[in-house]
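Worksheet: the structure to be examined is printed underneath.
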Amino acid sequence: MDINIRKAVKHNISDNDKDQLEGTIVDAIKDGQEKMLPGLGVLFEIIWQESDDQQKQLMVDNLAKGV
C-alpha cells in the first residue's frame with residue numbers, strides 16, 4: 001500500500017483555522033505517540049517552507065537549545 005503522508009496530512013488540516021492547527025500540534029506532542037511524528041514532520045516542513053531566513057535561524061537556534 002502506497003500512502004502519501006504529506007498529501008494526507010495536508011488534506012486533513014486543509015480546512016482548519018489557526019486555533020485548530022495549534023490544537024493539532026499541541027495534542028500530537030502531548031500525546032507522545034510515535035505514530036504522530038510523521039504528521040508533525042509534515043507540519044514542520046510547511047512551517048519551514050513558509051518562513052523567511054530570520055525565522056528559520058530562530059528555529060534552528062531553538063532546536064540547538066533543546067537538544
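Just so it is clear, none of the values below were taken in a lab; they were calculated from the coordinates. Owing to the predicted nature of the structure, the values given are computational and were not obtained by experimental measurement. Heads up, the Cβs are rebuilt from the backbone with ideal geometry, glycines too, and the neighbour counts pull from every protein chain shown.
What distance in nm separates the two pseudo spin-label positions at residue 11 and residue 37, each 7 Å out from Cα along the beta-carbon direction?
Going by the 7 Å Cα→Cβ label model, 2.5 nm.
Counting other C-beta atoms within 10 Å, and keeping those with at most 11, which DSSP coil GluC sites (Glu not before Pro) do you find in the chain?
50
Using a cut-off of under 17 Å, list every residue of the stretch 1-38 whose amide N is near the label point 7 Å from the Cα of residue 45 along the Cα-to-beta-carbon line.
Counting backbone N atoms under 17 Å from the label point, the list is 2-14, 35-38.
May I ask for the angle, rounded to the nearest 10°, between helix 18-31 and the longest principal axis of the chain, with both axes built from Cα atoms and the value confined to 0 to 90°?
The angle comes out at about 90 degrees.
Report the FRET efficiency, 1/(1 + (r/R0)^6), for residue 26 and residue 57, where r is their Cβ-Cβ distance and R0 is 35 Å, rounded to 0.05.
Using R0 = 35 Å, I get an efficiency of 0.90.
If you line up the long axis of helix 53-66 against the longest principal axis of the chain, both from Cα atoms, how many degrees apart are they, to the nearest 10?
Result, in degrees: 90.
If you fit an axis through the alpha-carbon atoms of helix 37-49 and take the longest principal axis of the Cα set of the chain, what angle between them do you get, 0 to 90°, nearest 10?
50 degrees
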